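The values are calculated or read from the model by the stated rules, or taken from the named source; none is laboratory data. Keep in mind the model is a prediction, meaning the values are calculated, not measured. Counting neighbours? That spans all protein chains shown, and the Cβs are built from the backbone with ideal geometry, glycine included.
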2 protein chains.
Amino acid sequence: MALYVHKYGGTSVGTIEKIEGVADKLKKFKDEGHDLVVAVSAMSGETNRLIGLAKDICEHPSPREMDVLVSTGEQVTIALLAMALEKRGIPARSYTGSQVKILTDSAFMKARIQDIDTDNMRKDLDEGRIVIVAGFQGADADGNITTLGRGGSDTTGVALAAALKADECHIYTDVDGVYTTDPRVVEKARRMDKITFEEMLEMASLGSKVLQIRSVEFAGKYNVPLRVLHSSKEGNGTLITTEEDSSMEQPVISGIAFNRDEAKLTVVGVPDIPGVASKILGPVGAANIEVDMIVQNVSADQTTDFTFTVHRNDFAKTQEILEAIAKELGAREVAGTRDITKVSLVGVGMRSHAGVASKMFDVLAKENINIQIISTSEIKISVVIEEKYLELAVRALHTAFDLDAEPTED
Amino acid sequence: MALYVHKYGGTSVGTIEKIEGVADKLKKFKDEGHDLVVAVSAMSGETNRLIGLAKDICEHPSPREMDVLVSTGEQVTIALLAMALEKRGIPARSYTGSQVKILTDSAFMKARIQDIDTDNMRKDLDEGRIVIVAGFQGADADGNITTLGRGGSDTTGVALAAALKADECHIYTDVDGVYTTDPRVVEKARRMDKITFEEMLEMASLGSKVLQIRSVEFAGKYNVPLRVLHSSKEGNGTLITTEEDSSMEQPVISGIAFNRDEAKLTVVGVPDIPGVASKILGPVGAANIEVDMIVQNVSADQTTDFTFTVHRNDFAKTQEILEAIAKELGAREVAGTRDITKVSLVGVGMRSHAGVASKMFDVLAKENINIQIISTSEIKISVVIEEKYLELAVRALHTAFDLDAEPTED
């Protein structure tokens, strides 16, 4: 008999039928004797509808009032889910963030959770109720309604699990777990049974949008075992935990992530003098543009080519900034392309295995794929390649690093 | 410089444009130097949409969860109105019922206000803000969200005015005041400048649905001057107050109300023995059917005809109950008709004027309208007549009691 925190996202509670389905699932867990606390999002589309109403009034509404407005979305869901449970004969009680209370700071629209009062929830659990909590929201010390920012319902789920010392936090979503890579690109992608928080963070930050990064950080910090599951299919999903898998040989690479959202810019022929990097990146940073990978090569003629990547949305703005700097520095030209992809190998096993990088470069070379930029971290190696090679590269690496699913027997 | 509480109903805030219109109106009052606290309803249609969602799950959802659900309707409006004011450069702050806090009992879906904490509102007013409060809702001592029942936003407005000792409570609606009778029936109906709480209660209980009865009772009890105004037209509306008009001769009759929602039933030829009334009305009351007017006539043959009126919706059910009783009592038959109307003269002046009743009967007799039932109270005389005579009766009485509007000069 365990205590589980479940979190259901907007798609999982998007219609009355889906809410009824969630109630059925909860009933199953309850019938098995488990205690349940459930965090839910607004029904899909509802938050956007509410934001639309506000935008009809003004472009930049007061953040305090935005939170009063959008927090109604989850409040609708908690009531409906409680009704659906009661209809099934299961006692349930709903709580808004203010009612719990989930205490946050006063940073409206992006508040951070400071404390959770578990007294009422404990009492309800002791009395056999399922507790339903509005995700994504809380209240500050003065009683103002706050929200955690988009996707914050995952964070609510994890924070509730941490505060209640739950056995596991289940995040129900529209995928049945975390995959070794995107199954839309690699048919043989395999669902992982387990992954560490560190790996999940790297996968998430690279575009594998199964979980909100902040919720994974939060779960790691408080050591809350997180399980990603499909909201309507059966299965064990993927468990995200601190335990590295010691029961079998640790795979060197756990997964392959990629990110199409980057663009590359190069200032060509910059005189190679000290401080040139900060002269180029200073104005870019000042314009609130985040730089990801950076590489600099010195040519034989004492000039250097300075290359870096930014989010694709920032490409045009960055190019404009660089044109001005290039002129100032006496650089030859500014080159750039949107047609790149970053491909990353992720795995905690990498720490103890030399040769991962060289094997990666080897595999890509055999496919005649040119590597434009390389960057590495403790548990990740990333390369930038031409976007057209993405599928080829990921499939080749997936096979080479033994990630392909076993063929199913017919 | 006065303190006004304004209340805007669902139609008055039914669209973004109308919310902007309310903000314009509030700005005008604010610019004149007045302090303002505003109670608002859910945008029209929203409460029904939310109830529809609940009904899709089950026929009788838990009242506690219904209140969590429907209270989101007003919460959306308060945020949007605050945004619309801030856009006009007017500082504003929204409060849910829980945030104020409006303390109620725990009777979900029909809670009664017990206390209102005015500290936060006072502070906001002192700092120059317009305070916006979600109507229709509160919270019980345990922090559960409650609602006051449909139409409860009027009550919120009046309760806020009482707690804040406001100079006037303005109820904005889709009519420009209280009329001597329904202008759709009598073209010459006149808007009253003033009416007493007592008269308003009689008018309201007789189907003049300008204000929710409970809010009028509440205003009378706490002596809060109430003003009914049109939400988009100019004008002074109608002031409802305790002061009887002493500046001029008190009119005998203030208004004429009527109610088409009644039906009449008669148990014919009941043996005239003691206790027969309770034998007939006992089972009707037990079935939760409310009886309005009652009349009993004894015939020459020592039997009696027992007649009463009920709400038209209860007609069939009442008839069924009476058939059984009639058999038991040995009555001759049960007769009944839906085609009746109750017409009532209302006026505090009636107290000091004899002859109102006889004048009323006279007027009706001259039009050959037969009176079926008569009932009187301190400030009201009601008669039941055939429904087809309604317009004729009301117009004749309106003229006879000097209620007709002065002809406007061309």
(request) Kindly list, by first and then second residue, each pair from a residue in the stretch A:13-38 that is part of a strand (DSSP E or B) and modelled with pLDDT of 95 or more to a residue that is crowded, with 23+ Cβ neighbours inside 10 Å and not aliphatic (A, V, I, L, M), limited to pairs with Cβ atoms under 8 Å and residues at least 6 apart or on different chains. (result) A:Leu36/A:His6; A:Val37/A:His6; A:Val38/A:His6; A:Val38/A:Lys7; A:Val38/A:Tyr8
(request) Identify, from the list A:Ile325, A:Ile369, the residue that is assigned by TED's automatic domain parsing to the domain that holds A:Arg260, without any contact (Cβ under 8 Å) to a residue 60 or more places away in the chain, in contact with a Leu (Cβ under 9 Å, 6 or more places away or on another chain) and crowded, with 18+ Cβ neighbours inside 10 Å. (result) A:Ile369
(message) Exactly one condition in (1) of a type in the set (S, T, N, Q); (2) more than 14 Å from every other protein chain (Cβ to nearest Cβ); (3) over 23 Å from the mean Cα position of the chain (by Cα) is false for B:Thr181; which is it?
(response) (3)
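Across the stretch B:81-97, which residue is nearest to B:Ala39 (Cα to Cα) among those that are facing chain A (nearest Cβ under 7 Å) and in a helix (DSSP H, G or I)? If you could, list the steps in order and put the result at the bottom.
Filtering the stretch B:81-97 down to residues facing chain A (nearest Cβ under 7 Å) leaves B:82-84, B:86-87, B:94.
Checking the rest, the ones that are also in a helix (DSSP H, G or I) come to B:82-84, B:86-87.
Working: B:Ala82: 12, B:Met83: 15, B:Ala84: 15, B:Glu86: 17, B:Lys87: 19 Å.
The selected residue is B:Ala82.
Out of the residues in the stretch A:26-65 meeting the condition of being more than 26 Å from A:Thr173 (Cα to Cα) and buried (at least 17 other Cβ atoms within 10 Å of the Cβ), tell me which one is farthest from the other protein chains (Cβ to nearest Cβ).
The selected residue is A:Arg64.
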(message) Checking B:Arg312 against (1) basic (Lys, Arg); (2) closer than 30 Å to B:Lys188 by Cβ; (3) in contact with a helix residue (DSSP H, G or I) (Cβ under 9 Å, 6 or more places away or on another chain), only one condition comes out false. Which one?
(response) (3)
(message) Can you tell me which condition A:Asp362 does not meet? The list is (1) in contact with a strand residue (DSSP E or B) (Cβ under 9 Å, 6 or more places away or on another chain); (2) at pLDDT 90 or above, and all the others hold.
(response) (1)
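Evaluate the following for B:Leu80: is it of a type outside the set (Lys, Arg) and either surrounded by fewer than 17 Cβ atoms within 10 Å (Cβ to Cβ) or touching a helix residue (DSSP H, G or I) at 6+ places or on another chain (Cβ under 6 Å) (or both)? Spell out how you get there, then give the answer.
Details: of a type outside the set (Lys, Arg): yes; either surrounded by fewer than 17 Cβ atoms within 10 Å (Cβ to Cβ) or touching a helix residue (DSSP H, G or I) at 6+ places or on another chain (Cβ under 6 Å) (or both): yes.
For B:Leu80, the condition - of a type outside the set (Lys, Arg) and either surrounded by fewer than 17 Cβ atoms within 10 Å (Cβ to Cβ) or touching a helix residue (DSSP H, G or I) at 6+ places or on another chain (Cβ under 6 Å) (or both) - is met.
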(message) Out of the residues in the stretch A:281-301 meeting the condition of being part of a loop (DSSP other than H, G, I, E, B) and surrounded by 10 or more Cβ atoms within 10 Å (Cβ to Cβ), tell me which one is modelled with the lowest pLDDT.
(response) A:Ser299
(message) So, B:Lys101, is that one facing another protein chain (nearest Cβ under 9 Å) and modelled with pLDDT under 95 or not?
(response) yes
(message) Go through (1) in contact with an Asp or Glu (Cβ under 8 Å, 6 or more places away or on another chain); (2) more than 18 Å from A:Tyr8 (Cβ to Cβ); (3) more than 12 Å from chain B (Cβ to nearest Cβ); (4) not hydrophobic (A, V, I, L, M, F, W, C) for A:Lys110 and report which single condition fails.
(response) (1)
(request) Run B:Lys110 past the list (1) in contact with a helix residue (DSSP H, G or I) (Cβ under 6 Å, 6 or more places away or on another chain); (2) under 25 Å from B:Ala162 (Cα atoms) and report the number of the one that doesn't hold. (result) (1)
(message) Here are the criteria: (1) of a type in the set (Val, Ile, Thr); (2) at pLDDT 90 or above; (3) outside the structural domain of A:Met350 (by TED's automatic domain parsing). Tell me which single one A:Thr266 does not satisfy.
(response) (3)
(request) Starting from the stretch A:288-302, take each residue that is at positive phi and list its partners that are surrounded by 14 or more Cβ atoms within 10 Å (Cβ to Cβ), counting only C-beta distances under 6 angstrom and pairs at least six apart or across chains. (result) A:Gln302/A:Asp272
(message) Restricting to the stretch B:192-210, count the residues that are modelled with pLDDT under 90 and assigned to a loop (DSSP other than H, G, I, E, B).
(response) 5
(request) Output the residues belonging to the stretch B:334-353 that are surrounded by fewer than 18 Cβ atoms within 10 Å (Cβ to Cβ) and closer than 18 Å to B:Leu392 by Cβ. (result) B:Asp339
(request) Go through the stretch A:333-374 residue by residue and tally those that are out of contact with any Asp or Glu (no Cβ under 8 Å at 6 or more places or on another chain) and assigned to a strand (DSSP E or B). (result) 8
(request) With the checklist (1) within 14 Å of another protein chain (Cβ to nearest Cβ); (2) out of contact with any strand residue (DSSP E or B) (no Cβ under 7 Å at 6 or more places or on another chain); (3) over 29 Å from A:Val133 (Cα atoms); (4) not charged (D, E, K, R) in hand, flag the one item B:Asn144 doesn't pass. (result) (3)
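With the requirement that a residue be in a loop (DSSP other than H, G, I, E, B) and surrounded by 24 or more Cβ atoms within 10 Å (Cβ to Cβ), what does the stretch A:98-117 give you? Steps first, answer last, please.
Applying the first criterion (in a loop (DSSP other than H, G, I, E, B)) to the stretch A:98-117 yields A:101, A:105-112, A:117.
Across the stretch A:98-117, the qualifying residue is only A:Ala111.
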(request) Tell me, yes or no, whether the stretch B:125-143 has at least one residue that is closer than 27 Å to B:Gly52 by Cα and either surrounded by fewer than 16 Cβ atoms within 10 Å (Cβ to Cβ) or of a type in the set (Lys, Arg) (or both). (result) yes
(message) The conditions are (1) of a type outside the set (A, V, I, L, M, F, W, C); (2) under 27 Å from A:Leu345 (Cα atoms); (3) modelled with pLDDT of 95 or more, and A:Asp124 fails exactly one of them. Which is it?
(response) (2)
(message) Being at the interface with chain A (Cβ under 10 Å from one of its Cβ atoms) and touching a residue at least 40 places away in the same chain (Cβ under 8 Å) is true for just one of B:Ile78, B:Ile116. Which residue is that?
(response) B:Ile78
(request) Could you pull out the residue among B:Ala159, B:Ala189, B:Ala166 that is buried (at least 21 other Cβ atoms within 10 Å of the Cβ) and part of a helix (DSSP H, G or I)? (result) B:Ala159
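What residue, among those in the stretch B:13-25 that are of a type in the set (Asp, Glu) and over 22 Å from B:Glu168 (Cβ atoms), is surrounded by the most Cβ atoms within 10 Å (Cβ to Cβ)? Walk me through how you get there before you give the answer.
Keep residues of the stretch B:13-25 that are of a type in the set (Asp, Glu), which gives B:17, B:20, B:24.
Going one step further and asking which of them are over 22 Å from B:Glu168 (Cβ atoms), we end up with B:17, B:20.
Values: B:Glu17: 8, B:Glu20: 18.
Looking at residues that are of a type in the set (Asp, Glu) and over 22 Å from B:Glu168 (Cβ atoms), I get B:Glu20.
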(request) Please indicate, with yes or no, whether at least one residue in the stretch A:380-402 is of a type in the set (Phe, Trp, Tyr) and either under 16 Å from A:Pro251 (Cβ atoms) or touching a strand residue (DSSP E or B) at 6+ places or on another chain (Cβ under 6 Å) (or both). (result) yes
(message) Anything in the stretch A:1-17 that is more than 24 Å from the chain's Cα centre (by Cα) and under 19 Å from A:Gly237 (Cβ atoms)? List them, or say none.
(response) A:Ala2, A:Leu3
